[in-house]
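Student: Below is one structure. I have some questions about it.
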Amino acid sequence: MPAESRPAGISQGCPDVIAALDLKKSGLLEASAGTGKTYAIEHLVLRLLLEVPDLELPEILVLTFTEKATGELQDKIRARIASRLAQGGLSAAAAARLGRAHLEFDRASIHTIHGFCQRILRKYAFENNALFKQELQKNRTEVLDTVLY
């Protein structure tokens, strides 16, 4: 999408595929390692914050596979929001929304898939008749030995 036809607020460097997305529809971003998924997600989160009225950062769910990728996404998205704020040229409402997102970034929902599932199970433990305190077991062999033998 040519830069001159992009919606106002999209930051410079936004990948064309992200700039062209219809934010009113569901989407899935999948690609091989090293193809720019993190870069695309940074810009997608920024677009959502700037273009979807009343949407706040904690309402956006970003899932990934590894804890390393989760940490990287958190750092990059926070930096992208700060960078866009520093660029200026935003409406007062957009600047306020990005400012809140930056200040309240610790409330962002950026998780691994297993971390998100564990969080939901813990949050709704009573409704699911589950234990309130659960622990994610990383050693499957030990768990399987306990259950099967």
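The values are calculated or read from the model by the stated rules, or taken from the named source; none is laboratory data. What you see is a predicted model; the values in this text were computed from it and never measured. A quick note on method: Cβ atoms are made from the backbone with ideal geometry, for glycine too, and the neighbour counts reach across all protein chains shown. All accessible areas refer to the heavy atoms of the entire protein, side chains included, with ligands and DNA or RNA removed. Shrake-Rupley method; radii C 1.70, N 1.55, O 1.52, S 1.80 Å.
Student: In the set A69, A31, A20, A82, which member is within 19 Å of I110 (Cα to Cα) and modelled with pLDDT under 85?
Tutor: A31
Student: Restricting the search to the range 20-51, which residues are aliphatic (A, V, I, L, M), open to solvent by 40 Å² or more (accessible area, probe 1.4 Å) and within 29 Å of G88 (Cα to Cα)?
Tutor: A20, L21, L23, L29, L44 - these are the residues of the range 20-51 that are aliphatic (A, V, I, L, M), open to solvent by 40 Å² or more (accessible area, probe 1.4 Å) and within 29 Å of G88 (Cα to Cα).
Student: Which residue out of T38, T66 is over 17 Å from H102 (Cβ atoms), among the hydroxyl-bearing types (S, T, Y) and in contact with a helix residue (DSSP H, G or I) (Cβ under 7 Å, 6 or more places away or on another chain)?
Tutor: Selected residue: T38, the only one of T38, T66 that is over 17 Å from H102 (Cβ atoms), among the hydroxyl-bearing types (S, T, Y) and in contact with a helix residue (DSSP H, G or I) (Cβ under 7 Å, 6 or more places away or on another chain).
Student: So in the range 70-99, with the set limited to residues that are among the hydrophobic types (A, V, I, L, M, F, W, C) and buried (at least 18 other Cβ atoms within 10 Å of the Cβ), which one is nearest to R119 (Cα to Cα)?
Tutor: If we take residues in the range 70-99 being among the hydrophobic types (A, V, I, L, M, F, W, C) and buried (at least 18 other Cβ atoms within 10 Å of the Cβ), then L73 is nearest to R119 (Cα to Cα).
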